[in-house]
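Report on one structure; see the data block that follows.
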Amino acid sequence: MKISVVGAGQVGSTAALMMAQRELGDIVLLDIPEVGGMPQGKALDMSEAAPIQGFDSRLRGGTDPAIIADSDIVVVTSGVPRKPGMSRMDLLTTNASIVQSVTRNIVQHAPNAIILIVTNPLDVMCYVALKTSGFPPPRVFGQAGVLDSARFRYFIAEELQVSVEDVQAMVLGGHGDSMVPLPAYSTVSGIPVTHLIPKERLDQLIQRTRDGGAEIVNLLKTGSAFYAPGAAVCEMVEAVVRNKRRLLPATCFLQGEFGLRDVYLGVPAILGRRGVERIVEIPLTDEAKAALFRSAAEVQEGQKAWENFGSS
Ligand SMILES: NC(=O)c1ccc[n+]([C@@H]2O[C@H](COP(=O)([O-])OP(=O)(O)OC[C@H]3O[C@@H](n4cnc5c(N)ncnc54)[C@H](O)[C@@H]3O)[C@@H](O)[C@H]2O)c1
């Protein structure tokens with residue numbers, strides 16, 4: 001398997017190291033010429049960790065887009081991250097043009113690849129990649145829900161003082177303030193969290209999950225989260241390259257599912273060798289459904305803004 005990571009910054013390089021440690025395939029790190037030997041340097045540094053950690057994945061870095069040739073999967077993390085006070089939508093104009101040019105390179109050099117988008121604003125960037133590539137929707141999807149769910153899982157585990165291993169959670173919707181954590185589908189070893197945590201406290205954990213990205217941006221000051229996002233990417237890539245058919249929240253192009261059409265949104269999906277193998281529709285409370293629709297409207301606005309101003 002050949003896995004390319006476009007954007008060798010914080011998220012890209014963290015994901016690359018984690019994927020190498022799991023021996024998911026041979027990994028290529030691509031960045032722009034302006035960063036000099038940065039992708040080569042990071043790839044070499046990680047390769048020199050291999051004998052200590054005992055992994056045989058090969059890592060290579062460069063600035064010539066041709067190095068992604070014939071990749072099975074391309075992870076797109078190129079783009080600017082948020083600074084304090086910025087929303088993910090503030091990144092739209094800059095990152096849309098970056099994602100568009102990266103997608104054109106993918107079409108040219110890796111026409112059969114699966115594209116996993118990470119760049120924010122995530123849902124709209126998935127749409128940019130879909131429309132620019134002309135790839136079928138199952139081959140273009142995004143990472144958001146695995147990270148958002150992981151944050152919720154961590155907060156639940158901390159609250160109950162139980163192992164994170166036993167906590168499952170589902171967070172749907174757009175990757176932003178309109179995300180929709182679903183307590184009814186969040187459990188500790190099968191026990192719904194609604195039975196274990198009083199509603200008022202659960203609402204606080206849900207709000208902290210929604211603000212999870214901003215909490216880290218405000219602490220770091222110079223950029224956004226990358227360890228947990230890197231781990232989330234690694235988990236999704238593993239599902240694809242090992243054809244695991246994991247059921248994970250993924251940002252998928254909806255074509256009627258959940259009553260929504262032509263919009264990217266986080267939904268439960270089965271991920272395997274062909275990308276999104278299936279979107280899994282689940283019954284939602286009226287409240288969750290309304291929140292999902294609000295989230296979709298926000299994403300659709302971003303998609304439309306890009307079509308009007310940036311898609312040429
Ligand atoms: N979806 C998520 O859950 C999630 C989580 C964290 C961060 N993000 C987003 O991921 C993106 C990357 O974040 P980061 O912290 O790694 O930023 P970063 O600044 O550390 O890295 C971005 C890299 O992209 C490179 N780049 C820019 N244009 C490029 C191009 N045309 N081709 C190749 N590389 C290019 C930059 O040189 C830089 O090295 C941001 O948009 C951020 O908001 C998303």
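The values are calculated or read from the model by the stated rules, or taken from the named source; none is laboratory data. None of the values given here were measured: they were computed from a predicted structure. Neighbour counts run over all protein chains shown; Cβ positions are idealised from the backbone, glycine included. Just so you know, the surface numbers come from the protein's heavy atoms only, side chains and all, with ligands and any DNA or RNA stripped out. Shrake-Rupley method; radii C 1.70, N 1.55, O 1.52, S 1.80 Å.
Brief remarks follow.
- At R0 = 30 Å, FRET efficiency that the Cβ-Cβ distance of Thr194 and Ile270 yields, to 0.05: 0.70
- Viscosity 1.306 mPa s, 10 °C: Kirkwood-radius Stokes-Einstein D of region 152-261 over Cα pairs, µm²/s: 102
- In a fully extended conformation the segment linking Glu159 and Arg104 would gain 15.3 nm over its present Cα-Cα distance, using 0.36 nm per residue.
- Placing one equal scatterer on every Cα of region 1-107 and applying the Debye formula, the log10 ratio I(q)/I(0) at q = 0.16, 0.24 Å⁻¹ is -0.69, -1.28.
- Here the Debye sum runs over all C-alpha atoms of region 102-213 as equal scatterers in vacuum, and log10 of I(q)/I(0) at q = 0.15 Å⁻¹ comes out as -0.68.
- Accessible area per residue (1.4 Å probe, heavy atoms of protein chains only) ranks Lys221, Lys2, Lys244 as Lys221, Lys244, Lys2, with the largest value leading.
- Over region 191-312: Kirkwood hydrodynamic radius from C-alpha pairwise inverse distances, Å: 17.0
- Measuring with a 1.4 angstrom probe and ignoring ligands and nucleic acids, Thr93 comes out at about 110 Å² accessible.
- Glu215-Ile282 pseudo-label distance in nm [points 7 Å out on the Cα-to-Cβ vector]: 2.1
- Helical segments meeting 15 Å axial Cα length and Kyte-Doolittle -1.0 threshold in the chain (DSSP H): 10-21, 38-53, 92-109, 122-133, 145-160, 227-241, 286-309
- Size of the chain as Cα extents on the principal axes (Å, biggest first): 53, 49, 38
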